[in-house]
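A.B. asks: The structure is given below, and queries will be raised subsequently.
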Amino acid sequence: MSAPTSARYPVWLLALFVGMLALGTDEFVISGILPEVAADLGVSLGSAGQLVTAFALAFALGAPVLAFLTDRLDRKKLLTAGLLVFTLANLVVAISDAFALTLGLRVVAGLAAAVVSPTCMAIAGTAAPEGRNGRYLAVVTAGLTVALFTGVPFGSFFGHALSWRATFGLIALVSAVVLVLCHFLTPAVPGGTTTGLAARLSPIRDSRVLFLVGAMFLSGCGGLMFYNYLGGIFTARLNASAANVTAALLIVGLVGVLAVLFGGILTDKTGPRRAATFVLGGHCLALGGLALYLGNTTGSVTLAIFVLVGVWSIFAWALSPVMQAGIMAASPQRAMLAMSLGISGLYGGSAVGAAVGGYLLDQHGPATIPVVGTVFLAVAVVSAVLGTRPVAAATVTNPVATQQPTV
């Protein structure tokens, strides 16, 4: 019989949440202070925008490669090393006067984030008490969601009030604090023990993992395509004002933070298969409802559109912890590599969705974006069902003690 576990979260888990908040803020905050960065470094806005691209590409492409290369390292040591590099990269960005150096440092920061993000998820999922994996993963994932809706606006405000350099200095400071907390509080989670190359690459050959990664990719194509063009859709289709768009984004943000936690609880209560089917199915139906509404409504903003956006947000932002829990369950011995593939799948889907959405907006009109997004999500549901199909039960011993300081 297992020992009872506290319903409270350990301090180290909250430190991981703050670390992910810093990563998310670092990735997106430049978009809000781009003119200041461009003027200070003496480059065009387009060139300064490459600082965002450099970080995102390094993150997306580096995550699975670095996860494979560092698979056998202790997760705690890997986390602290990644946070140290991330902190130093942002600190030097804050004092850099050369665009080329700043661009290179953004690549370094992106690679460090590519190590830290899946490591945080692997530690949270592995060290979680029995039956609470989904909740622990949700807390970590919530860091990225909160960054998008609070960290980025605050970072932009901080940059405008003082300077863009102060924003990166603040990110470095927060990361340094997280580094210290993780060094002293995070449980030691051993790396992979199997030395064979085939075993280390097992997630890439596991059809369940690939189906789940595919579902995350398709979800990025469909759901994030709608989110990325939400403002354009509202403006072009409904003649929405700036206040209407802001209100819709605020709803997405507020609902999204709660939805991430809901996704974790749902996974713990029902298991990855039922949770994935429910969340992705709901995501597909909700976006389909938006497609029907936008296809039959023009020129006016009503309460109905805000309700539909709120419902869609529940399923869209509950997705990540549900899918990552499913990926971890499919490949528990190689969780970090498997989860890094999920991260890359979502980022890749977002990039493809942005390209497809831009084409649809220009060539076929804003109402087609949620229609095509719904098709992507329908295929994602099938992929997730295949990825969470039952397999023979296997006993996996959790090597991490769960007696940790709590708050």
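A.B. asks: Which one of these does Phe149 not meet: (1) surrounded by fewer than 22 Cβ atoms within 10 Å (Cβ to Cβ); (2) part of a helix (DSSP H, G or I); (3) more than 12 Å from the chain's Cα centre (by Cα); (4) modelled with pLDDT of 80 or more?
C.D. replies: (4)
A.B. asks: Looking only at region 69-84, which residues are part of a helix (DSSP H, G or I) and either in contact with a His (Cβ under 6 Å, 6 or more places away or on another chain) or surrounded by fewer than 17 Cβ atoms within 10 Å (Cβ to Cβ) (or both)?
C.D. replies: Restricting attention to region 69-84, the residues satisfying the condition of being part of a helix (DSSP H, G or I) are 69, 75-84.
The answer is Leu69, Lys77, Thr80, Leu84.
A.B. asks: Now for a separate question. So which residues in region 200-248 are farther than 21 Å from Ala63 by Cβ and charged (D, E, K, R)?
C.D. replies: Selection gives Arg237 alone.
A.B. asks: Take the residues in region 1-26 that are of a type in the set (A, V, I, L, M) and part of a loop (DSSP other than H, G, I, E, B), then tell me which one is modelled with the lowest pLDDT.
C.D. replies: Filtering region 1-26 down to residues of a type in the set (A, V, I, L, M) leaves 1, 3, 7, 11, 13-16, 18, 20-23.
If we keep only those that are part of a loop (DSSP other than H, G, I, E, B) too, we end up with 1, 3, 7.
Working: Met1: 34, Ala3: 37, Ala7: 57.
Of everything passing the filter in region 1-26, Met1 is modelled with the lowest pLDDT.
A.B. asks: So, one more: Give region 103-120 a look and list any residue that's surrounded by fewer than 24 Cβ atoms within 10 Å (Cβ to Cβ) and of a type outside the set (A, V, I, L, M), or say none.
C.D. replies: First, pick out the residues of region 103-120 that are surrounded by fewer than 24 Cβ atoms within 10 Å (Cβ to Cβ): 103-105, 107-108, 111.
Within region 103-120, just Gly104 meets the criteria.
A.B. asks: Taking Val29 as the residue in question, decide whether it is crowded, with 18+ Cβ neighbours inside 10 Å, outside any loop (DSSP other than H, G, I, E, B) and among the β-branched types (Val, Ile, Thr). I'd like the intermediate steps shown before the answer.
C.D. replies: Values: crowded, with 18+ Cβ neighbours inside 10 Å: yes; outside any loop (DSSP other than H, G, I, E, B): yes; among the β-branched types (Val, Ile, Thr): yes.
Spelling it out, Val29 is indeed crowded, with 18+ Cβ neighbours inside 10 Å, outside any loop (DSSP other than H, G, I, E, B) and among the β-branched types (Val, Ile, Thr).
A.B. asks: Right, another one. Considering each of Ala259, Ala240 in turn, give the residue that is in contact (Cβ under 8 Å) with a residue 12 or more places away in the chain and part of a helix (DSSP H, G or I).
C.D. replies: Working: Ala240 fails: part of a helix (DSSP H, G or I).
When all the criteria are applied, what remains is Ala259.
A.B. asks: Also, quick follow-up: Identify, by number, the condition in (1) modelled with pLDDT of 85 or more; (2) more than 30 Å from Arg8 (Cα to Cα) that Arg72 doesn't meet.
C.D. replies: Condition (1) is where Arg72 drops out.
A.B. asks: Tell me which of these Ile95 doesn't satisfy, since it passes every other one: (1) hydrophobic (A, V, I, L, M, F, W, C); (2) assigned to a helix (DSSP H, G or I); (3) over 28 Å from Ser350 (Cα atoms); (4) touching a Lys or Arg at 6+ places or on another chain (Cβ under 9 Å).
C.D. replies: (2)
A.B. asks: May I ask you to say which residue of Ala316, Ala291, Ala304 is part of a helix (DSSP H, G or I), within 15 Å of the chain's Cα centre (by Cα), at pLDDT 90 or above and not aromatic (Phe, Trp, Tyr)? Outline the logic, then answer.
C.D. replies: Working: Ala291 fails: within 15 Å of the chain's Cα centre (by Cα); Ala304 fails: within 15 Å of the chain's Cα centre (by Cα).
Sole residue among the options that is part of a helix (DSSP H, G or I), within 15 Å of the chain's Cα centre (by Cα), at pLDDT 90 or above and not aromatic (Phe, Trp, Tyr): Ala316.
A.B. asks: If you don't mind, there's one more thing I want to ask. Can you spot a residue in region 100-122 that is out of contact with any strand residue (DSSP E or B) (no Cβ under 9 Å at 6 or more places or on another chain), assigned to a loop (DSSP other than H, G, I, E, B), outside the structural domain of Gly264 (by TED's automatic domain parsing) and farther than 23 Å from Val180 by Cα? So that I can check it myself, show each step before the final result.
C.D. replies: Residues of region 100-122 that are out of contact with any strand residue (DSSP E or B) (no Cβ under 9 Å at 6 or more places or on another chain), as a first pass: 100-122.
Adding the requirement that they be assigned to a loop (DSSP other than H, G, I, E, B) leaves none.
No, there is no match, as no residue in region 100-122 is out of contact with any strand residue (DSSP E or B) (no Cβ under 9 Å at 6 or more places or on another chain), assigned to a loop (DSSP other than H, G, I, E, B), outside the structural domain of Gly264 (by TED's automatic domain parsing) and farther than 23 Å from Val180 by Cα.
The values are calculated or read from the model by the stated rules, or taken from the named source; none is laboratory data. Remember, it's a predicted structure, so these values are computed and weren't measured experimentally. FYI the Cβ positions are ideal-geometry reconstructions off the backbone, even for glycines, and counts take in every protein chain you see.
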